[in-house]
Amino acid sequence: MKATETKLKGCFILEPAVFGDSRGYFFESFNENTFNQLTGTQTEFVQDNQSYSTRGVLRGLHAQAGENAQAKLVRVLEGEVLDVAVDVRPGSATYGEYVAVNLSAENKLQLFVPRGFLHGFVVLSETATFFYKCDNFYNKESECGVHPFDAELAVDWQIALDEIQLSDKDKFAPSFKEVFGV
């Protein structure tokens, strides 16, 4: 496996070593020792989640606050998404900046989103199955989020606005300034 740190410190793109032949392919999608060595963390994942969505579904930008914050290791099992992580760590040199990575079943890339980040994705293919590991358990009371089209963040979702499908929660999410006071 190869790890490349993004412009956001602690946020990594992970590329597995894929072994293929006429029968198909094999790759190790996660190994705790390798992952922690490559990322320089001591991350212990405790919960796995999976979602299925159709083209244009945008989920985000979400996080859990305080002691319930979560780091996530995300990947796509079927289809393609644009995955976005926004740095909201107080004092970070890249506070308010984002990275966007195309994740697909074909490229088999993963993104490690550390604690202190908003996270979201939009489906670029007809359908997508999205899978992620979390290092902390979900806690509804700790949910927070920012509107995915917040002008200050200016995320380029790489899909036409008329194709976007948002949940009510995301449609009416507050601005970056309202949540983080910036």
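The values are calculated or read from the model by the stated rules, or taken from the named source; none is laboratory data. Predicted, not measured: the structure shown is a model, and the values here were computed from it. Every residue, glycine among them, receives a Cβ derived from its backbone with ideal geometry; neighbour counts consider all protein chains shown.
Tabulated results
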{"item": "Number of positions in the stretch 124-168 that are in a helix (DSSP H, G or I) and buried (at least 18 other Cβ atoms within 10 Å of the Cβ)", "result": "0"}
{"item": "Pick from the stretch 3-30, criterion over 17 Å from Ala105 (Cα atoms) and touching a helix residue (DSSP H, G or I) at 6+ places or on another chain (Cβ under 9 Å), ranking: surrounded by the fewest Cβ atoms within 10 Å (Cβ to Cβ)", "result": "Glu5"}
{"item": "Qualifying positions in the stretch 31-45 - surrounded by 13 or more Cβ atoms within 10 Å (Cβ to Cβ) and more than 21 Å from Ala69 (Cβ to Cβ)", "result": "Thr34, Leu38"}
{"item": "Residues located in the stretch 77-122, provided they are assigned to a loop (DSSP other than H, G, I, E, B) and of a type in the set (A, V, I, L, M, F, W, C)", "result": "Val88, Ala93, Ala105, Leu109"}
{"item": "Residues of the stretch 131-158 satisfying the condition of being touching a Lys or Arg at 6+ places or on another chain (Cβ under 8 Å) and closer than 23 Å to Glu78 by Cβ", "result": "Phe131, Tyr132, Lys133, Cys134"}
{"item": "Hits in the stretch 46-94 - residues which are in contact with a Lys or Arg (Cβ under 9 Å, 6 or more places away or on another chain), surrounded by fewer than 17 Cβ atoms within 10 Å (Cβ to Cβ), over 17 Å from Gly10 (Cα atoms) and not polar (S, T, N, Q)", "result": "Val46, Asp48"}
{"item": "Filter result for Phe45 (free of Cβ contacts under 8 Å to residues at least 12 places away in the same chain and either under 26 Å from Glu141 (Cβ atoms) or over 16 Å from the mean Cα position of the chain (by Cα) (or both))", "result": "no"}
{"item": "Condition met for Val182 (of a type in the set (A, V, I, L, M, F, W, C), over 22 Å from Thr43 (Cβ atoms) and at pLDDT below 95)", "result": "yes"}
{"item": "Considering residues of the stretch 83-108 that are within 15 Å of the chain's Cα centre (by Cα) and hydroxyl-bearing (Ser, Thr, Tyr) only, the residue nearest to Lys7 (Cα to Cα)", "result": "Tyr98"}
{"item": "Members of the stretch 104-131 found to be closer than 16 Å to Phe45 by Cβ and either among the β-branched types (Val, Ile, Thr) or without any contact (Cβ under 8 Å) to a residue 60 or more places away in the chain (or both), listed by number", "result": "Val113, Arg115, His119"}
